[in-house]
Amino acid sequence: MTTGTGLAAGLALTAAPGTPAVAASPRRAPGDFQPPVRLGLPSPSGPHTLGTVPLQLSDRSRRDPWVAARPVRELMVQLWYPARTAVGLTRAPWMTGQAAKVFQRTGYLLPEYATLPDTHARTGAAPNTRGGRRPVILYSHGHGQHRSSSTALVEELVSHGYIVVTIDHTYDAGQVEFPGGRVEKYAMPPLTAEDDDPVILKAVDVRVADTRFVLEELSRRVRGRRDPLPHGLGDILDLSRTAMFGHSLGGATAASAMAAGIPLVAGANLDGSLFGPVVAKGLRKPFLLMSEDADNKPSWPEIWPRLRGWRRHLRLTGTRHFSYTDYETFMPQVAARLGATDEQLAEFIGPLDGTRAIDVQRRFLLAYFDLHLRGHRAPILEGPSPRFPEVRFIGGVG
């Protein structure tokens, strides 16, 4: 196992899960009203229109592992997919209404400072069937975060023809809204600063079970006529080409899910420490490690010689842990309204320009999945390039 330093860096432990420590109190003159900043997401670069639909899943084979009063493990997932032109349909919100209220009350993006954005996806749009069945990518959020945390990355993949399924890990997520407006909040026990913390080891196991169930449930709905996926989505999912990525504990989830034998072709870990048996066992399938500008995850060099398939360790200079989430694009937009200094902003998301950071992440993640799910050559993954001076190849070339 790795050290407590790796845990703190990999999970970005905070007093309130999901709450970044970045900003001072806004400085305003008496009577000086400032309207909230309307946040926006960067436009995806691909040719496809985006559709999305949420889906409630219930695993009746498991009691909820975090809340004993819940006899069934309930999850919310969201399917993002290439869609036909969706004239007249509304854009899906970044976060649903009741969940957004909880999120904004418990973080720095308070409603008087910021208005959460809409996504570029249209709710309930008909899928584009002209491309046939498409590869599927699962996304797992960080500890205390939520399925919307890396929407800028998700939308980019979908715009280039992938189907992405984002998973809310209930009670590990900061908040999850179910149909009817019921919101379940974070309910994990307190954590320590030790990498062998039994709560974290349990959380990884729970998330792996969630991942297995989501894939099994999608497969069942694709194969059968009972409980079909909405809008004919079952006709375009190619579950024989499924991969997974995640941020922080979500990246650890991707690695552990692969080690547990879940049928994933490839995985990617965005700045997450690794936990449990996968560190000693390793992996035989492709795995990408992409980190912030720091060498603070002892589990990574520990697992490195045990990654026996395609592997890369990339470090994005000028970034921090939350650079791999939508905070990378949100915080520069709202920093002045929050009264945050340039130094505070750089401490939280790093000095690299946010637009550039998101663009580099998008390009490398897309190239990685194109290589392993579509068999396309990926020159940017073959070694350092003057086009991407921010990306350091720590291992995997040669």
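Only the coordinates and a few stated rules stand behind these numbers; no lab work does. Just so it is clear, the structure is predicted and the values come from calculations on it, not from any experiment. Glycine gets a Cβ as well: all are built from the backbone with ideal geometry, and neighbour counts include every protein chain shown.
The table for this structure:
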quantity: Neighbour-count ranking [beta-carbon atoms within 10 angstrom, fewest first] of Met258, Met188; calculated: Met188, Met258
quantity: Distance in nm between pseudo-label sites at Asp295 and Arg63 (7 Å out along the Cβ direction from Cα); calculated: 4.7
quantity: Listed residue (Ala86, Pro386, Phe287) projecting farthest to the positive dipole end of the chain, Cβ model; calculated: Ala86
quantity: FRET E, pair Thr123, Gln98, Förster distance 22 Å, beta-carbon r, rounded to 0.05; calculated: 0.85
quantity: Distance between the range 243-318 and the range 332-366 - C-alpha centres, whole angstrom; calculated: 24
quantity: Spin-label pair Arg84/Glu194, simplified geometry with 7 Å Cα→Cβ offset, distance in nm; calculated: 5.8
quantity: DSSP-loop trypsin sites (Lys or Arg not before Pro) across the range 276-377, with at most 11 other Cβ within 10 angstrom; calculated: Arg308, Arg377
quantity: Least to most buried among His231, His120 (fewest other Cβ within 10 Å first); calculated: His231, His120
quantity: Mean ellipticity per residue at 222 nm, deg cm²/dmol - from DSSP H runs of n ≥ 4 across the chain, formula -39500 (n - 2.57); calculated: -8500 deg cm²/dmol
quantity: Cα-based Rg and Dmax for the range 35-395, where Dmax is the largest Cα-Cα distance (Å); calculated: 19.2, 56
quantity: Low-density loop positions, trypsin sites (Lys or Arg not before Pro), the range 35-138 - DSSP coil, at most 11 other Cβ in 10 Å; calculated: Arg60, Arg130
quantity: Inverse of mean 1/r across different Cα pairs in the range 33-91, Kirkwood, Å; calculated: 15.5
quantity: Spacing of the two label points (7 Å from each Cα toward its C-beta) at Leu110 and Asp359, in nm; calculated: 3.5
